[in-house]
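First the structure, in the form of structure tokens, and then the observations on it.
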């Protein structure tokens, strides 16, 4: 984002952000008091360097696209942490993926079913469930 009043030119923040943060950010920069409950948060603290705490994971979801046969039964819920990506497919029972982004940034080596993966899955699964509860309380 470019906004010279807030963001210093040439900086590349490392915090995890989401598109759902844009509405809160734009309202904040415009000086408008937001009266709507939103899942996103203003990125102004990230942009101006004042963020002392920030999210360490994001929730992703994809719904099966019924237009293209190649994407049938591909809906998933996932969590992306600072180190891992964990994916659970909705229509494919037992189908999960786990990637260590530090060691495997291109997500080529699925750790599911490995000794290492077995030790990581409970942590990322718990984080996914927490984010699902926050995002979809009626689920």
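Quick note: the coordinates plus some simple rules give every number you see, no bench work behind them. Note that this is a predicted model, so its numbers are computed, not measured. Virtual Cβ from ideal backbone geometry, glycine too; neighbours counted across all protein chains shown.
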- Item | Rg/Rh for the chain, where both radii come from Cα atoms and Rh is the Kirkwood radius | 1.03
- Computed FRET value (nearest 0.05) for residue 83 with residue 48, which takes r as the C-beta separation and R₀ as 22 Å: 0.25
- Query: Can you give the Rg to Rh ratio for segment 57-135, taking only C-alpha atoms and Rh from Kirkwood?
  - Reply: 0.98
- Message: Let's test the formula: R0 of 30 Å, r as the Cβ-Cβ distance of residue 35 and residue 118. What FRET efficiency results, to the nearest 0.05?
- Response: 0.05
- Rel. contact order, % - alpha carbon contacts under 8 angstrom, at least six apart, the chain: 15
- Task: Round to the nearest 10 and give me the degree value, 0 to 90, for the angle of helix 115-135's Cα axis relative to the longest principal axis of the chain.
- Result: 50
- Task: Compute the separation of the alpha-carbon centres of segment 77-105 and segment 1-63 and state it in Å as a whole number.
- Result: 24
- Item | Most to least packed among 40-49, 24-33, 84-93 [average Cβ atoms within 10 Å] | 40-49, 84-93, 24-33
- Using a basic spin-label model with each label point 7 Å from the Cα along Cα→Cβ, how many nm lie between residue 130 and residue 108? 3.2
- What value, in deg cm²/dmol to 500, does the helix sum -39500 (n - 2.57) over DSSP H runs of n ≥ 4 give at 222 nm once divided by the residues of the chain? -7500 deg cm²/dmol
- So how much slack lies between residue 20 and residue 2, counting 0.36 nm per residue of separation and subtracting their Cα-Cα distance, in nm? 4.7 nm
- Query: Modelled label-to-label distance, residue 95 and residue 72, 7 Å Cα→beta-carbon offset: nm?
  - Reply: 1.2
- Item | Residue order, fewest to most beta carbons within 10 Å, for 81, 35, 64, 56 | 35, 56, 64, 81
